[in-house]
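This report concerns only the one structure given below.
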Amino acid sequence: MESAGLKLGVDGVLAELATLAKISEAEPPVVTRVVFSEADLHARAYVKRLCIDAGLTVHEDAVGNTFARWAGSDPGLAPVGTGSHIDAIPNAGMYDGCVGVLGGLEAIRVLQKLGFKPRRSIELVIFTAEEPTRFGIGCLGSRLMAGVLTAAQALALRDKEGHGLDELRARAGFTGSLASVALTTGRFHQFVELHIEQGPLLEQDGIDIGLVTHIAAPASVRIMLEGEGGHAGGKLMPGRKDALTAAAELILALEAAAKSSGAIDTVATVGVCDVFPGAVNSIPSRVRLETDIRDTDGTRRDRVLAVLQATCNEVALRRGVAISAEMVNADPPATCDPAIVTAMEEAAKAAGKTCKRMVSRAYHDTLFMARIAPVAMLFIPCRGGVSHRPDEYASPEWIGSGIHVLARTLATLAS
Ligand SMILES: [Zn+2]
């Protein structure tokens, strides 16, 4: 693959990224593109036009997941997929998701220009609503594709204004049964997502490409503690049922469990602690905690969850505080396919790029694609590890390297 043609392509894709970034609900350079908003629909139209211009066949499913296919010479074979998302949280930047979509398209165009003829079709996927902004659940499109979220569960989703998914998707032009979004295993032969790292490691180490071997997944537990309130002066210490001191024990026990898991990949956070009634001279009677526990190893993560549950039981008994823990979600982590990781590694070496194996600590649509296909992810650096902010930045060189390695990987997988 000669690099002069690739350089030309990077200039083009940078211009496309800039154009896409201007399709925003907020004043540029701020990118806000919530699913099914006016900006999202314009952005979809723009990307679809680029796909059609590249000779790809475009189709959309009932929730707006978009598939753009470059037909291979053997149409009987399952395609190789690549892609990401173009929705963006409020006050976001221009690279998260978009590098995987426009970079994936550019990888296809590079291969076309070089005269490559894929045996398997190569399909660019633009997932609907990777971000949880509108419906409170991340990866809506890929969850439906993987059958992790059922049509009935999806139909119950509403946004903050009370509009249901059905109403909003119909208004955006997407109709048909939501059940039809689910794909069977085998629909994709393999799937690779190009993405910015959203962490600082590649830039710090001066490495061009991250080869993702595992994708961590969060488990979220909501804990309600119900004690006994009272006057902070009148009620003496013996016999108190203080919900907040009980919550403090849980928070510290969770931290200790994550720290002592034996792996640096175990992380646990209590990000919400609501105290009722929240007055300085009143004993807390009720506390709500929301916890996020992540790991690349599901068994190890579940051991931390078990410690948390056991601590809830023990503290409830000892302190006389009622504690209930509700699992909000617990998606299993994904292990990337070793054959794809090896193909990416060889592609990076052939392209003259430095690379290293790493873990994705954020989750992506690929986490759900892993349920129905062998998957992997390619990371490129982003400045300072900054993401989900307007000053998110990936250099032209980093983007060019990502596209180059993705193109070579797709060529290998589709041969
Ligand atoms: Zn993303």
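Read the figures in this text as sums done on the coordinates, not as results from a lab. Being a predicted model, the structure only gives us computed values, none of them experimental. Note that we place each Cβ from the backbone using ideal geometry, even for glycine, and neighbour counts take in every protein chain shown.
Figures for the structure shown
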| quantity | calculated |
| --- | --- |
| Residues of the range 59-74 with amide N under 19 Å of a point placed 7 Å along Cα→Cβ from residue 179 | 61-64 |
| Pair residue 77, residue 137: separation of 7 Å Cα→Cβ label points (nm) | 3.5 |
| Distance cut-off 21 Å, percentage of C-alpha pairs in the range 217-330 lying past it | 37 |
| Links that overshoot a 31 Å alpha carbon limit, given the list 22/356; 48/356; 48/160; 117/353; 259/353 | 22/356; 48/356; 259/353 |
| Label point at residue 237 placed 7 Å out along Cα→Cβ; residues across the range 319-353 whose backbone nitrogen lies under 20 Å | 319-321 |
| Additional length obtainable on full extension of the chain from residue 339 to residue 356, 0.36 nm per residue less Cα span | 4.6 nm |
| Point-to-point label distance, residue 281-residue 299, nm (Cα→Cβ direction, 7 Å offset) | 5.6 |
| Full-stretch length increase - residue 272, residue 26 - with 0.36 nm per residue and alpha-carbon distance subtracted | 85.7 nm |
| Label-to-label distance, nm, for residues given as residue 42 and residue 117 (7 Å Cα→Cβ offset) | 4.2 |
| Sites residue 156 and residue 249 - FRET efficiency at Förster radius 35 Å, r taken between beta-carbons, to 0.05 | 0.50 |
| The chain: DSSP helices with Cα axial extent of at least 27 Å and average Kyte-Doolittle hydropathy no lower than -0.5 | 3-22, 298-319 |
| Antiparallel %, DSSP beta bridges [both residues in the chain], to 5 | 70 |
| Pairwise centroid distance, computed over Cα atoms, of the range 95-110 with the range 119-165, Å | 21 |
| Percent of Cα-Cα distances greater than 33 Å, calculated over the chain | 38 |
